[in-house]
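Data block below; observations after.
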Amino acid sequence: MKRKVLYSAGLLFFIVVLTAVLVQHLRFQSVRQEVVQDRQSVFYDGESFHVLTFVLLEEGDDLITQLRSLHSVTKQGKWIYAGKVLNNKHSDQIGPKEWSGVVFTQYPSRAAFEEERGEQAHGEVLDSFAEHYEMGMRRPAMLNLLFPQTLLAKKIWHKVTLKESPYPFTPMDDPRLETTASDVDGLTSEELPEDLRDGMEMIARLRAESDHLGKDAVVVVNINKDGTATQQSQDAQYANEMNGLMAELSYGPIHIGNAEPLSNEHTFDKVILVYYPGAGYFADMFTSTFFQSIIGDKQLGDFQATITVPILELIDE
C-alpha cells in the first residue's frame, strides 16, 4: 500500500513538472511568434548559420522600403527577426554607428551565406545603405530550448525562498529622466552631462514608441566580448539579478549563441537577443532604483547593445 502511495505521488509530481515545462515552452513560443514576430523553428539542422545584419540608412530613405529590397534578394536565408532601432550602445571595435535597423537570418550553412553574399544583386542592395555590418552566430538549439526552463526553475525557487521582488519598480528620484526628446535637444552640454543626455534621449525615444511599434515588445540585440575573470564574475552578478526579474515576469532571451565574427579585425564571444514586454516597460525598468543599482556590475571586454522594436510583419506586407 505504501509503495502504491509513493508511486502515485511520484507520478503526480512528474505530471505537474511536465505540465509546467510544457506551459512554459508554449508561453515563450507564443510570445516569440505573435508578439516579437520571430520565426525561429524550435529544431533545425546543426550546420545552420545565423547572421545579424545591421544597416544604416542614407538620409531620406525609408527603412521598410529598403528592408523589403533586402528581403527580396535573400534567397537562401530565412528571415527570423527584423527590428527598427531605437537606440544603439556603441562597441569600441565596431565604432559609433547609429544603426537604423537589424535583420536576423538563418542560413543552411556558412557556405550558403557566403555564396549569397557573393551574388551581385545582394551586394547591390547592401551597398544601397549608407553602412552595414554583419555578425555570424552559432545558435545551439538545445540551449535555447532549455533556457526558458531555467527561468521557470528560478521563478519557483524565488517563490519557495520568499525572495522579495523588485517589481513593480521604484522609479529613480530624478525628474530629468521624464523629459521629452525636444526638451533634451534644448539643453546645452554644460547643463546636461553626455552620459545622462544619452540616457535621457534613449528614454524619450522609448516613451514615444511605447504606444506604437514598441507597445508590446522590445528586443535588445547584444554582441558581447567576454572580459577578464574579474569582469566576468561581476557580470554574472548582474545577469543573476536580471534573470531573476525575467523569470518572475516570464520574458527574456529568445536567441543565445556563440559569435562568429565575419571581420578579422573584431573579436566577440556571444550573441544574445532579449525580449522585453514593451518600450514603456523597458523605460520604467531602466529608470528604476533596481536596475540602476545593478547596472554597474555589467562588466564586459566590449559590447554593442541595440534596442529594437519588431517590424518583420510590415516588411512582409
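Label points 7 Å out from Cα along the Cβ direction at T161 and Q232: separation in nm? Simple spin-label model gives 2.3 nm for this pair. Of the residues E248, E201, E114, the one that moves most in a GNM of the chain with alpha-carbon contacts below 10 Å is E114.
Using the structure shown, list the pairs from K89/K215; K78/K215; K75/K270; K75/K154; K154/K225; K154/K215 with a Cα-Cα distance above 30 Å, or answer none. Walk me through the numbers on the way to the answer.
On the way: K89/K215 22 Å; K78/K215 26 Å; K75/K270 26 Å; K75/K154 41 Å; K154/K225 26 Å; K154/K215 27 Å.
Flagged as over cut-off: K75/K154.
Between R27 and T74, the simple spin-label model (points 7 angstrom out along Cα→Cβ) gives 3.0 nm. Rolling a 1.4 Å probe over the protein heavy atoms of the chain, with every protein chain left in place, gives an accessible area that is 55 percent carbon and sulfur.
Using a Debye calculation, one point per C-alpha and no hydration shell, please list log10 I(q)/I(0) for the chain at q = 0.08, 0.16 Å⁻¹ in order. Computed log10 I(q)/I(0) values: -0.40, -1.52. Taking every protein chain into account, the accessible area of the chain amounts to 51 square angstrom per residue (probe 1.4 Å).
About the Cα centre of the chain, what is the dipole size in debye to 20, counting +1 per Lys and Arg Cβ and -1 per Asp and Glu Cβ, all else neutral? Don't skip to the end; give the middle numbers.
On the way: 28 positive and 46 negative charges, 519 e Å.
Dipole about the Cα centre, nearest 20: 2500 debye.
If you plug the beta carbon distance of E58 and Q120 into 1/(1 + (r/R0)^6) with R0 = 25 Å, you get a FRET efficiency near 0.80.
The values are calculated or read from the model by the stated rules, or taken from the named source; none is laboratory data. Bear in mind the structure is a predicted one, so any value in this text is a computation, not a measurement. We place every Cβ from the backbone using ideal geometry, glycine too, and count neighbours over all the protein chains shown. Accessible surface areas use protein heavy atoms only, side chains included; no ligands, DNA or RNA. Shrake-Rupley method; radii C 1.70, N 1.55, O 1.52, S 1.80 Å.
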